[in-house]
Structure formats: structure tokens, C-alpha cells
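Here, each number is a calculation from the coordinates, and none is a lab measurement. None of the values given here were measured: they were computed from a predicted structure. Every residue, glycine among them, receives a Cβ derived from its backbone with ideal geometry; neighbour counts consider all protein chains shown.
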């Protein structure tokens, strides 16, 4: 008597049924819901969505600007004070006012307000090179921007120094572009010696450079690679 083939037939039919059910399930939508928009990207191995590149860019740009806020604020303050004092001198004294009877005497024999022009650098060096000095000033500002990390401008002390320096550079640069010379008006006399006439921008530059040199000397030496 041959064994019945009915169990094999039922097993084959069952396998066909399971395969067919699997194909039907694969044809159904993966998710069912009212939100048809693209899903937010998720972190690898996590469930929280990753911030978009645009969001990261806007936030990091603001943070980069805020990181140098002391430099921006102090530089703007020096520039504003420099231009306001020069505007007042320009309105109060005619160009070329210098000496007894022409200047404003603040402390007799010591401190006077005058109105003179300087086409050179500090202490009247490079007289007549106002255009080249303006280009040098602009190049210096660009160099400070590109080497800001190497200069240590994340440090608050360094930002103070470069705020004074940059505010002064921009103040004198505006003078060279607008007037063709730098307006000087602070005139000091020490007995028979007359200190070169200067302005607020010059003071910011000198103090800023001196401050930065002192700060640099106090920094610990960097380890050799």
C-alpha cells in the first residue's frame, strides 16, 4: 500500500499561500498618515532629527560675529570719537590754524587745540604719501581679518588691543579718502620741545599696539610640534 501524497500537497499549498501574502504586504504603503512631507533627517544611531545645514550656518555666523564683540564695539567707539572730534575742530578752526592767536589755548605753554593736516604717517614720516598709506591701512585691516586666529583675537585682551588699533586705522583712513590728509589737532609742548601734533585715532593705534605687545609677552610659549 502506497503512502498518501495528501500531506505533501497541503504543505506545498501552504508555502504558496505564505509567499502570496508576503507579496501583497510588500505592495502596501510603508506608512499610513496625514503627513506626506519628507521626514526630517535623523542622527546615526539616534532618534532626534539633525539640524539642517542652513540652520547651522546662520547660527554659526552669528556666533562668529559675537565672539569678537569687544573688538567691534571698542573699534566703533574709537572711530566715532575720532570723527566727532575732527568734525568739531573742522567747524571751529580753519585749516592751518597753528600758533599764538590761531590755536585754542587749553593749558598755557602746554596744551593747545590746532587744525593742521598730515599727508604722511605718524610724526609726519612719509609726507606726501597719503594714497599709499591709505592702501597700506586697508591692506592691514584685511590682513588682520584673515590672520585673526593666529593673532589670538578670541582673547578678550587681544580684542581690546585690536579694537583700539582698528578703530584708529579706519578713522585716519576715512580722513585720507575724504580730505586727502589726516586731520591733527592735539598739540602738546614740553618746554622747548613740541610733541608732533596728533589725533584720537593716532592715540588708539599707539595704545592698541603697545597693549598687544604687552599681552603677547605675557602669553606662555607654545609647545614645539
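Legend: ranking of residues 206, 166 from fewest to most surrounding C-beta atoms inside 10 Å; resulting order 206, 166.
Sort 150, 103 so the one with the fewest other Cβ atoms within 10 Å of its own Cβ comes first. Numbers along the way, then the final one.
Details: 150 7, 103 17.
Placing the least packed residue first, the sequence is 150, 103.
Legend: Rg and Dmax of region 68-217, from Cα coordinates, 16.1, 51 Å. The simple spin-label model puts a point 7 Å past each Cα toward its Cβ; for residue 154 and residue 213 those points are separated by 2.7 nm.
Only counting other Cβ atoms within 10 Å, I'd like 140, 197, 127, 119 sorted with the fewest neighbours first.
On the way: 140 14, 197 22, 127 11, 119 17.
Ascending Cβ contact count within 10 Å gives the list 127, 140, 119, 197.
Can you tell me, using C-alpha contacts under 8 Å and at least 6 residues apart, the relative contact order of region 68-217 as a whole percent? Over region 68-217, the number comes to 33 percent. Rounded, prolate or oblate: which one fits region 134-225, using the alpha carbon gyration tensor with axes a ≥ b ≥ c (rounded when a/c is under 1.5, else prolate when a/b beats b/c, else oblate)? Cα axes put region 134-225 in the oblate bin.
Here the label points at residue 63 and residue 178, each 7 Å from Cα along the C-beta direction, are separated by 3.8 nm in the simple model.
If each residue of separation counts as 0.36 nm, what is the full-extension length gain between residue 140 and residue 195 once their alpha-carbon separation is subtracted?
Working: separation 55, 0.36 × 55 = 19.80 nm, distance 2.64 nm.
In short, 17.2 nm is gained.
When you restrict to C-alpha pairs under 8 Å that are six or more residues apart and normalise by the size of region 136-225, the relative contact order lands at 31 percent.
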